[in-house]
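One structure is given below, encoded as structure tokens.
The values are calculated or read from the model by the stated rules, or taken from the named source; none is laboratory data. Just so it is clear, the structure is predicted and the values come from calculations on it, not from any experiment. Note that each Cβ is placed from the backbone with ideal geometry, even for glycine, and that neighbours are counted across all protein chains shown.
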Amino acid sequence: MTGREIRQALHAGRTVYATAVLSTSPLWPPFIQSTGVDFVFIDSEHTPIERHTLSWICQTYRALGIAPMVRIPEPDPYRACMALDGGACGVLAPYVESPEQVRALAGAVRWRPVKGRRLSAHLEGTAPLEPELVDYLNERNRDTFLVINIESVPAMEALDDILTTPGVDAVLIGPHDLSCSLGIAEQYRHPRFREAVGEICRKTRARNIGFGVHYWLDLESHLEWARAGANLVVRSSDLTAMTVTLREEIRRLREGIEGQAVPADDSVEAV
């Protein structure tokens with residue numbers, strides 16, 4: 001899918017599918033393409049991917065018809081522009097907690113290369129851009145989309161104002177950080193965590209904005225959120241899928257070869 005198709009699908013309530021990609025190997029993209037995902041989530045917040053490598057990864061996935069979404073290290077408009085200049089279609093901004101952050105990010109994603117006081121005045125509604133310039137910028141940025149991470153209690157408290165700020169195409173919950181902010185670290189089946197996810201989902205989808213949870217545990221839980229309204233499905237990661245699959249195969253091999261019973265273990269590190 002193109003960035004424009006993803007943006008349209010998210011607002012229309014159609015489901016789009018993605019996985020997180022941590023590998024920088026040039027052999028990896030064709031295998032990801034074979035999975036049928038609509039786009040990939042490339043994380044530059046928690047993984048050591050420098051700008052040059054990030055750019056060729058984005059360009060490669062775009063050449064394969066898979067839109068790359070990059071999580072930038074911080075909710076900063078200049079970081080957003082850097083990711084887009086490198087070839088990203090979508091920007092995922094981490095730990096967003098205010099409408100002011102959203103406004104600045106949306107300005108970078110929708111209106112680059114306009115910056116500075118000119119952009120600020122336009123976003124504040126005090127100095128509209130010329131119609132010809134607006135047409136140019138809409139065409140230039142037709143394949144860009146903005147997703148924000150909601151992963152804290154302050155973000156939940158500001159959610160109504162965040163969602164009414166123009167420019168957000170989807171909300172993606174960061175489950176690990178949200179569980180920590182709630183004081184129930186990694187307790188993803190805790191009633192308070194589930195209540196929080198449900199509240200964010202209802203508010204987001206009521207405004208025709210895409211919603212999802214980056215989830216890596218059992219499929220049934222992911223399906224449950226989809227049935228509740230999540231249409232942004234970010235499933236697992238290349239590292240997680242490899243770890244879980246190989247661990248289970250080694251466990252079964254030990255049992256079959258050595259007769260050694262090894263308990264199953266589906267725990268993985270959240271990203």
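Against the definition (surrounded by 23 or more Cβ atoms within 10 Å (Cβ to Cβ), touching a Pro at 6+ places or on another chain (Cβ under 7 Å) and among the charged types (D, E, K, R)), how does R71 come out, yes or no?
yes
Looking at (1) closer than 22 Å to L92 by Cβ; (2) loosely packed, with under 12 Cβ neighbours inside 10 Å, can you tell me which one D238 breaks?
It is condition (2) that D238 fails.
Just checking, does segment 77-86 include any residue being on the phi > 0 side of the Ramachandran plot and either surrounded by fewer than 14 Cβ atoms within 10 Å (Cβ to Cβ) or not small (G, A, S) (or both)? Walk me through how you get there before you give the answer.
Let us first name the residues in segment 77-86 that are on the phi > 0 side of the Ramachandran plot, namely none.
No, every residue in segment 77-86 fails to be on the phi > 0 side of the Ramachandran plot and either surrounded by fewer than 14 Cβ atoms within 10 Å (Cβ to Cβ) or not small (G, A, S) (or both).
Here is a list of conditions, (1) at pLDDT 95 or above; (2) closer than 20 Å to P154 by Cα, and G210 meets all of them except one; can you say which number that is?
So G210 meets the others, but not (2).
Considering only segment 218-250, state which residues are in contact with a Gly (Cβ under 6 Å, 6 or more places away or on another chain) and over 20 Å from L22 (Cβ atoms).
A230, N231
Residues being part of a helix (DSSP H, G or I) and without any contact (Cβ under 8 Å) to a residue 12 or more places away in the chain: count how many of those fall in segment 167-204. Steps first, please.
Within segment 167-204, the first condition is being part of a helix (DSSP H, G or I), and the residues that meet it are 175-181, 191-204.
Narrowing further to those that are without any contact (Cβ under 8 Å) to a residue 12 or more places away in the chain: 180, 191-192, 194-195.
Summing the residues that are part of a helix (DSSP H, G or I) and without any contact (Cβ under 8 Å) to a residue 12 or more places away in the chain in segment 167-204 gives 5.
Here's the yes/no breakdown for (1) modelled with pLDDT of 95 or more; (2) of a type in the set (F, W, Y):
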residue: W28; (1), (2): no, yes
residue: P48; (1), (2): no, no
residue: R71; (1), (2): yes, no
residue: D76; (1), (2): yes, no
residue: D85; (1), (2): yes, no
residue: G90; (1), (2): yes, no
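Which one of these is among the aromatic types (F, W, Y), surrounded by 14 or more Cβ atoms within 10 Å (Cβ to Cβ) and either over 28 Å from S236 (Cα atoms) or over 18 Å from the mean Cα position of the chain (by Cα) (or both): F193, F145?
It is F193.
With of a type in the set (D, E, K, R), surrounded by fewer than 13 Cβ atoms within 10 Å (Cβ to Cβ) and either modelled with pLDDT under 95 or at positive phi (or both) as the only criterion, which of R112, R117 stands out?
Working: R112 fails: surrounded by fewer than 13 Cβ atoms within 10 Å (Cβ to Cβ).
Answer to the selection: R117.
Six or more apart or on different chains, Cβ atoms under 9 Å: show the pairs whose first residue is in segment 152-163 and farther than 15 Å from F193 by Cα and whose second is small (G, A, S) and surrounded by fewer than 19 Cβ atoms within 10 Å (Cβ to Cβ).
Going by the 9 Å Cβ cut-off, the qualifying pairs are A158/S98; D161/S98; I162/S98; L163/A206.
Out of curiosity, is G65 surrounded by 18 or more Cβ atoms within 10 Å (Cβ to Cβ) and on the phi > 0 side of the Ramachandran plot?
no
Pairs needed: first member in segment 118-132, not acidic (D, E); second member anywhere, not in a helix (DSSP H, G or I); C-beta distance under 6 Å; at least 6 residues apart or different chains.
Between residues of segment 118-132 that are not acidic (D, E) and residues that are not in a helix (DSSP H, G or I), the close pairs are A121/A127; H122/L129.
Could you check segment 12-39 and list, in sequence order, the residues that are within 24 Å of E224 (Cβ to Cβ) and either touching a helix residue (DSSP H, G or I) at 6+ places or on another chain (Cβ under 6 Å) or surrounded by 15 or more Cβ atoms within 10 Å (Cβ to Cβ) (or both)?
So in segment 12-39, the residues within 24 Å of E224 (Cβ to Cβ) come out as 12-20, 35-39.
Across segment 12-39, the qualifying residues are V16, Y17, A18, T19, A20, V37, D38, F39.
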